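The values are calculated or read from the model by the stated rules, or taken from the named source; none is laboratory data. Remember, predicted model here, so these are calculated numbers, not experimental data. FYI the Cβ positions are ideal-geometry reconstructions off the backbone, even for glycines, and counts take in every protein chain you see.
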């Protein structure tokens, strides 16, 4: 009896599916200090609301903006300027964003969990438990003498990467990433994988 050829099991690629970047960095979890213990941010923030990358490379997490802005490990001038802005209680994101820091928010309009960066370089947001969760960003200049540069956001799983990045020019805020057009359609909300600080 003649056997009928079995159909191929090879999947047909979806022509609408974007290829992923094979060079995307694996997660290297950031271990932060929070409430007297160490936590793995890539797994869970364990109730923390704010996490700040400090000049010494450590990451500290906090429950409130007041705790974050008063951290003695922040540079004295940053603490002074940040607390002064916070004391004004104006309707301004500077109330809760550390001076000369990039403040990344999980929700639009500078709300929700917040991640603060100052040092130069690329930050893999997956390491901080923040991949595909970024909805707004704020930066304000406390020291005009500081060469604050700019920042670049990346969607590292889409290809080519040159088409999946956007430059952010301070000093200003981006209150809603749904208003940032994404290459090929849509918007940048919940699409950022890497945040690069460029201190020129």
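Here are a few things to note about the model shown:
- You will find that of 46, 67, the residue that is modelled with pLDDT of 90 or more and in a loop (DSSP other than H, G, I, E, B) is 46 and no other.
- Breaking point among (1) in contact with a helix residue (DSSP H, G or I) (Cβ under 8 Å, 6 or more places away or on another chain); (2) outside any loop (DSSP other than H, G, I, E, B); (3) at pLDDT below 90, for residue 77: (1)
- Neighbours by Cβ (under 6 Å, 6+ apart or cross-chain): first from segment 178-200, more than 13 Å from residue 152 (Cα to Cα); second at pLDDT 95 or above and assigned to a helix (DSSP H, G or I): 187/178; 189/177; 189/178
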